[in-house]
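Bear in mind these aren't lab numbers, they're just calculated from the coordinates by the rules spelled out. Since we're looking at a predicted model, the values are computed, not measured. Cβ placement follows ideal geometry from the backbone for every residue including glycine, while neighbour counts extend to all protein chains displayed.
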Amino acid sequence: MLAPNGFPDESYPGIDPFESPTADPAAGDDDNTFATEVTAFVHLIAGYHIFAARHDDGVYVSVGGVLVGSNDSWDNNVSTKCIFQVEQEGDYALNVRSFEGSGGAEFELLEMLPLANAGAFKVILLGDVANGGSAVVAP
C-alpha cells in the first residue's frame, strides 16, 4: 500500500508491526520505547530551507551541527517544522533522532519547497531529487 507521499511504507528494522506485546512481551521486538537515529549528509544551496519531521513522539533535527528543530512532547502523528538558513552551498551533516514512547510508531523526513504562489509549498520526502529536493547521502 502506498503512503500519502506516493512511496510504500516500511516497518522499522527489527520491529514486528503485527506483534501483540501483551501476548509475547519477552520477544524483544515490541513497537514501543525505542529510538531511531539518521546520520547522513544533505546537499543544500545557499538560502532558507524548511524540513519537516513527521513523527510519533519526540524528534531532534540538526543540520551542520546546529539544532534546527525539536519537539519533545509525547504527541502522535506530529509534523515538526525546521526553518533554517545556510550561508553557502555545500554538503551539511544531517543528524535526526526520533523517539517512540507508546502508541503509534512513525517517522518521516520531508522537505518543503516554495511554489510560485506566496505561502504555498510542495512537500516531498527529503532526498527526493527527482522532484526538486535536496540530495541526501549516507556517510
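When the Kirkwood radius is taken over all Cα pairs of segment 30-137, what Stokes-Einstein diffusion coefficient follows at 10 °C and 1.306 mPa s, in µm²/s? Walk me through the intermediate numbers first.
Details: Rh = 14.3 Å.
Estimated diffusion coefficient is 111 µm²/s.
With the crude spin-label approximation of a point 7 Å out along Cα→Cβ, what separation in nm comes out for T33 versus A130?
4.1
Would you mind counting up the charge near V61? Only other residues with Cβ under 13 Å from its Cβ, with Lys and Arg at +1 and Asp and Glu at -1.
Numbers: positive: R54, K81, R97; negative: E37, D72, E108, E111.
So the surrounding residues net to -1.
If you take the square roots of the eigenvalues of the alpha-carbon gyration tensor of segment 48-101 and sort them as a ≥ b ≥ c, do you get rounded (a/c under 1.5), prolate (a/b over b/c) or oblate?
Because a/c hits 1.5 or more and a/b exceeds b/c, segment 48-101 counts as prolate.
Averaging sequence separations of C-alpha pairs under 8 Å and six or more residues apart, then dividing by the length of segment 30-137, give the relative contact order as a whole percent.
This gives 35 percent for segment 30-137.
If you place +1 on the Cβ of every Lys and Arg, -1 on the Cβ of every Asp and Glu, and leave all else neutral, what size is the dipole of segment 30-137 about its Cα centre, to the nearest 20 Debye? Don't skip to the end; give the middle numbers.
Details: 4 positive and 15 negative charges, 87 e Å.
About 420 debye.
Taking amide H positions as placed 1.01 Å from N in the peptide plane, with prolines and chain starts having none, which residues 5 or more places from V68, or on another chain, fall under 5 Å of its amide H?
Under 5 Å from the amide H of V68 lie the amide H atoms of V61, S62, V63, each far enough along the sequence or on another chain.
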